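First the structure, in the form of structure tokens, and then the observations on it.
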Amino acid sequence: MAGQIKHMIDAIIRQRSNGNQVLANTTRTKLIIKGFHPDKYTAASEDDPARIAELKEIAKDMGVTL
């Protein structure tokens, strides 16, 4: 299923920020530092199982349930 990484990134940002734009930007920056630039992933991006597993671990560290 293409676009799963994009969906996961969006969910992390949405849950962490809870509507606060400052927290959304901070979360985006943290994801970029960890190698997941939100703008590089689209709904048509191919899903790499290794990257998905890495993103799940990042979400867990951030206290987000995917």
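Neighbours of Ile9, meaning other residues whose beta-carbon lies under 14 angstrom from its beta-carbon, give a summed charge of +3 when Lys and Arg score +1 and Asp and Glu score -1.
Taking Cβ atoms as reference points and 15 Å as the exclusive limit, the residues near Thr26 contribute a net charge of +4, counting Lys and Arg as +1 and Asp and Glu as -1.
For Lys40, a cut-off of 13 angstrom between C-alpha atoms picks up these aspartates and glutamates, skipping any fewer than 8 places away in its own chain: Asp10.
Taking the protein heavy atoms of region 4-61 in the context of the full set of protein chains, the accessible area attributed to carbon and sulfur is 52 percent at 1.4 Å. Loop-located trypsin sites (Lys or Arg not before Pro) in region 1-53 (DSSP state other than H, G, I, E, B) with a sparse environment of at most 15 neighbouring Cβ atoms within 10 Å: Lys34.
Dividing the summed -39500 (n - 2.57) terms of all DSSP H runs of n ≥ 4 by the residue count of the chain sets its mean residue ellipticity at 222 nm at -20000 deg cm²/dmol.
Nearest 10 degrees, 0 to 90: what angle lies between the long axis of helix 49-62 and the longest principal axis of the chain (Cα atoms)? For helix 49-62, the angle is close to 10 degrees. Loop-located GluC sites (Glu not before Pro) in the chain (DSSP state other than H, G, I, E, B) with a sparse environment of at most 15 neighbouring Cβ atoms within 10 Å: Glu46. Which log10 I(q)/I(0) values does the chain give at q = 0.20, 0.27 Å⁻¹ under the Debye formula, counting every alpha carbon as one identical point scatterer? The Cα Debye sum returns log10 ratios of -0.73, -1.29.
The values are calculated or read from the model by the stated rules, or taken from the named source; none is laboratory data. Being a predicted model, the structure only gives us computed values, none of them experimental. All Cβ positions, even for glycine, are placed from backbone atoms using ideal geometry, and neighbour counts span all protein chains on display. Each accessible area value is taken on the protein alone, full model and side chains, heavy atoms only, with ligands, DNA and RNA left out. Shrake-Rupley method; radii C 1.70, N 1.55, O 1.52, S 1.80 Å.
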